[in-house]
Amino acid sequence: MTVSLERRENIDYSGWKPASWKDYEQWRDSSKDCRGQLFFFHSYLLVENMSGEGFPHAQASDLIRGIIFYWLGQHPETKAEMVSQCSLEKQGKLAAVPDIALYLGEGIPSYQPGDLRAIDLDQNRPPDLVVEIADTTLASDLDRKKHLYEDMGVPEYWVVDVKGRRVFAFYLSEEGAYAEIEVSQVFSGLQIELVNQALEKLSDSNVAAAAWFNQQLSHQEGKKV
């Protein structure tokens, strides 16, 4: 049984369901907004019900954005584009709506009126980094979604474990499989442990945690001078 549009009201949002690419397109293009993030991988569809993020998810998500902004602030020479919940598609094969996608350097996609609203990975390179904020989705983010982003060719993938206050970071090997890393390859030597320490400070506030992270970056950059 596939995930049809007509059975939307009965959909179980908790897992992957057998589906066709046509099913995915129906959900994506429906005028009835399902408020969901859609993922398509190996003839399975996941519809994550995001009709209002919970506070922990939103808090951690904004902290990670702040961390990225602060790192880029220390590297103003780096061209970058960061988008939240923007569709990535390989026609007929793969689709995802990550919480955060980041492009660095050359080859950043641009949007022109009339273009597909999704980033077409048949015409554009994948993001340099994808981040999933895992409050209630940790198992899927570390399993099938990880393999989805492998197949898309995303070089670095972070899963932010909101409850555990830590990041699982992976980098794509030459063999096309993710291996866990302790030092970011995209952010030129950033220790993942420093991100974990910032997440631990969420009990104060995400603004205070981001400011602390920026202080640590500034201190490290000062040592290099």
Cβ contacts < 6 Å: first residue on the phi > 0 side of the Ramachandran plot, restricted to region 100-118; second residue open to solvent by 80 Å² or more (accessible area, probe 1.4 Å), any location; separation 6+ or different chain. Result? Gly105/Lys79
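Determine whether Tyr178 is modelled with pLDDT of 95 or more, hydroxyl-bearing (Ser, Thr, Tyr) and within 12 Å of the chain's Cα centre (by Cα). I'd like the intermediate steps shown before the answer.
Working: modelled with pLDDT of 95 or more: yes; hydroxyl-bearing (Ser, Thr, Tyr): yes; within 12 Å of the chain's Cα centre (by Cα): no.
No.
Give the residues of region 20-34 that are more than 14 Å from Ser87 (Cα to Cα), at pLDDT 90 or above and not hydrophobic (A, V, I, L, M, F, W, C), sorted by residue number. Working first, answer last.
As a first pass, look at region 20-34 and keep what is more than 14 Å from Ser87 (Cα to Cα): 20-23, 26, 30-34.
Then keep just the ones that are at pLDDT 90 or above; that gives 20-23, 26.
Residues satisfying the conditions are Ser20, Lys22, Asp23, Gln26.
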In region 181-207, which residues are in a helix (DSSP H, G or I) and either of a type in the set (Gly, Ala, Ser) or open to solvent by 30 Å² or more (accessible area, probe 1.4 Å) (or both)? Glu193, Gln197, Ala198, Glu200, Lys201, Ser203, Asn206, Val207
Test Val167 against the stated conditions and say whether it is assigned to a loop (DSSP other than H, G, I, E, B), open to solvent by less than 30 Å² (accessible area, probe 1.4 Å) and at negative phi. no
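Rundown of residues vs (1) open to solvent by less than 40 Å² (accessible area, probe 1.4 Å); (2) at pLDDT 95 or above; (3) touching a strand residue (DSSP E or B) at 6+ places or on another chain (Cβ under 8 Å); (4) within 20 Å of Phe187 (Cβ to Cβ), yes/no style:
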{"residue": "Val3", "(1), (2), (3), (4)": "yes, no, yes, no"}
{"residue": "Asp12", "(1), (2), (3), (4)": "no, no, no, no"}
{"residue": "Trp71", "(1), (2), (3), (4)": "yes, yes, no, yes"}
{"residue": "Gln85", "(1), (2), (3), (4)": "no, no, yes, no"}
{"residue": "Pro98", "(1), (2), (3), (4)": "yes, yes, yes, yes"}
{"residue": "Leu102", "(1), (2), (3), (4)": "yes, yes, yes, yes"}
{"residue": "Tyr111", "(1), (2), (3), (4)": "no, no, no, no"}
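The values are calculated or read from the model by the stated rules, or taken from the named source; none is laboratory data. Computed from a prediction, not measured in an experiment: that's the story for all the values here. Cβ coordinates were reconstructed from backbone atoms using ideal geometry, including for glycine residues, and neighbour counts include every protein chain displayed. For the accessible areas, the whole protein counts, side chains as well, though only heavy atoms, and no ligand, DNA or RNA atoms are used. Shrake-Rupley method; radii C 1.70, N 1.55, O 1.52, S 1.80 Å.
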